[in-house]
Structure formats: C-alpha cells, structure tokens
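Asks: Got a structure here, written out as structure tokens. Questions coming.
None of the figures in this text is laboratory data; all of them are computed from the coordinates on show. Note that the structure is a prediction, hence the values are computed from the model and not measured. Here the Cβ positions follow ideal geometry from the backbone for every residue, glycine too, while neighbour counts run over all protein chains shown.
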C-alpha cells in the first residue's frame, strides 16, 4: 500500500467551477503537507504548504488538513483554463524526513 | 533569480552509454534530491544529500550514481546498468533545519530517452 493515495483523474470541470482535490495518507507521523502544480513537461511548482491540521487560504486556493481522518484537500475557486495541470500532494514527518508524494490528479478546466 | 537549474532539458542516450544530468541551485539550500517521474507512478526518490560529501540511496538507486562535492551542485549519472532509464528526471532542494520550512523546490526537469 502506498503511503499517500491520490485519484489520478482526469477531473474535468467548466470554467468558473470549484475544483476539489484530495489525498489520503497512512502514516500518522506526517505533519507537513504540500500541494504542487505541474504543467506538462515542467517541474512541479509549490502552491500551498501547511503544518498540522487546519485550513490555509491563498487567493483562489484553499488547503485543508484533517489529521484525524488522514485526509488532505485542495480547493480551487473560480477555476480558469490556466489551472489545467496535474496537482500533486506531498507530505513529510520532520525536518529531515523523506517526502512522500501522491501520484497526481490531472485537472482539465474547459472554457 | 534564485532557483534550481537542470541541464540538459532533453537528452538522448544510446544503450550501453552513461549519461550525466546536471543540477545546480543558488538558493543556498542544504539538501538536494533526485526523483524520477514515470506516467501514472508519481515521483520516486533516487538519491538525496543533506550535506556536502554525503548522500543516501533512495527507493530506486540501482543503476544510478551521484556526487555532492559542492553545496550548489548535485549531478546524477545514469549508468548502463539502469535497465529502463527513459523517464523524466527532477532535481529538488530544501533548506535544512527545523525552522526552515519542510518543503522542497523543484527544477524544470530533464527528459532522458534511450534510443
């Protein structure tokens, strides 16, 4: 069983809709959580970074962490065609812990 | 601008040849990483280094080698022993220490194709 599970999609939404992405993880020691956006043939770009449980908002992006359920989410409001990309979740335990990545969810926002 | 530079962007290799992928960072980060990305499999860790002159094997180190002679540089050699080297390779780095933030930053990647 992978330590981080993520639905590969594709997830297709119309422009302006809310995109909802999620990951589940198995190790309760994970404390730090990240979301990356990866365009085709490019390196992943850090979108959101959170520590422990709770919500974090940055513009149109909201990240949620529920440690009791081992569930992390990313919401994209007012989605745009430029949001079409693969979104990867990631987590780690401490300062020098290895990072565990989800396989990525492909998102397509149609005009 | 600060960042992570990978080169070359695209590389073709004949079977039996070794190739070296370059990774340079000017972020003054302590730790550096190499990942391999294949369709549908996510990122897999090849090697990582937390300090100069020290590195550790990741989950799929067989057929790869690295060096860390300078803080800024972490080249990856894909040897002829790697059975299926065609993939997208990503270099990443992270600052050290508990207060630095536990996240990593990626380069733009290198595409390696065996012909």
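Asks: Tell me the label-point distance for the pair residue A:66, residue B:83, using the 7 Å Cα-to-Cβ offset, in nm and rounded to one decimal.
Replies: For the pair residue A:66/residue B:83, the computed spacing is 4.2 nm.
Asks: Then there is this: Could you give the nm distance between label points at residue A:18 and residue A:108, where each point is 7 Å from its Cα heading toward the beta carbon?
Replies: So the label points at residue A:18 and residue A:108 sit 2.4 nm apart.
Asks: Oh, and also: If you average the C-alpha positions of segment A:85-111 and of segment B:20-84 separately, how far apart do those two centres end up, in angstrom?
Replies: Computed from Cα coordinates, the inter-centre distance equals 19 Å.
Asks: What base-10 log of the normalised intensity I(q)/I(0) is obtained for segment B:1-64 from the Debye formula, alpha carbons as equal point scatterers, at q = 0.15, 0.27 Å⁻¹?
Replies: The calculated log intensity ratios at q = 0.15, 0.27 Å⁻¹ are -0.59, -1.35.
Asks: Same structure again: FRET efficiency for residue A:52 and residue B:56, Cβ-Cβ distance as r, R0 = 30 Å, nearest 0.05?
Replies: Values: r = 27 Å, r/R0 = 0.89.
That gives a FRET efficiency of 0.65.
Asks: Now for a different question. How many times 2.2 N^0.38 Å is the alpha carbon radius of gyration of segment A:61-111? Write out the running numbers ahead of the final one.
Replies: Values: Rg = 13.4 Å, N = 51, 2.2 N^0.38 = 9.8 Å.
Computed over Cα atoms of segment A:61-111, the ratio equals 1.37.
Asks: Can you run the Rg to Rh ratio on chain B? Use alpha carbon positions and the Kirkwood inverse-distance Rh. It would help to have the intermediate numbers written out before the result.
Replies: Working: Rg = 13.6 Å, Rh = 14.2 Å.
Taking Rh as the inverse mean 1/r over Cα pairs, Rg/Rh reads 0.96.
Asks: Mind giving me the nanometre distance, one decimal, between the label points for residue B:113 and residue B:38, set 7 Å out from Cα along Cα→Cβ?
Replies: Reported label-point gap for residue B:113 and residue B:38 is 1.8 nm.
Asks: Right, here's the next one. Taking only the Cα atoms of the protein assembly as shown, how large is their convex hull per residue, in Å³? The partial results should precede the final answer.
Replies: Numbers: hull volume 28.9 nm³, N = 226.
Here the figure is 128 Å³ per residue.
Asks: Give the calculated FRET efficiency between residue A:2 and residue B:10 to the nearest 0.05, with a Förster radius of 22 Å applied to their Cβ-Cβ distance.
Replies: On the way: r = 30 Å, r/R0 = 1.35.
Efficiency, rounded to the nearest 0.05: 0.15.
Asks: Percent of Cα-Cα pairs per 5 Å bin, from 0 to the last occupied bin, for chain A, please list those.
Replies: For chain A, the binned pair fractions read 2, 13, 24, 25, 19, 10, 5, 1, 0 percent.
Asks: Can I ask one more? Among A:74, A:47, A:21, determine the one that fluctuates most according to a GNM of chain A built with springs between C-alpha atoms less than 10 Å apart.
Replies: Between A:74, A:47, A:21, it is A:47 that shows the largest mean-square fluctuation.
Asks: Roughly what % antiparallel, to the nearest 5, for the DSSP beta bridges in the protein assembly as shown? Could the numbers behind the result be given before it?
Replies: Details: 72 of 80 bridges.
Close to 90 percent.
Asks: When DSSP beta bridges are limited to those with both residues in chain A, what percentage is antiparallel, rounded to the nearest 5? Could you put the intermediate results ahead of the total?
Replies: Details: 38 of 42 bridges.
Antiparallel bridges make up about 90 percent of those DSSP assigns within chain A.
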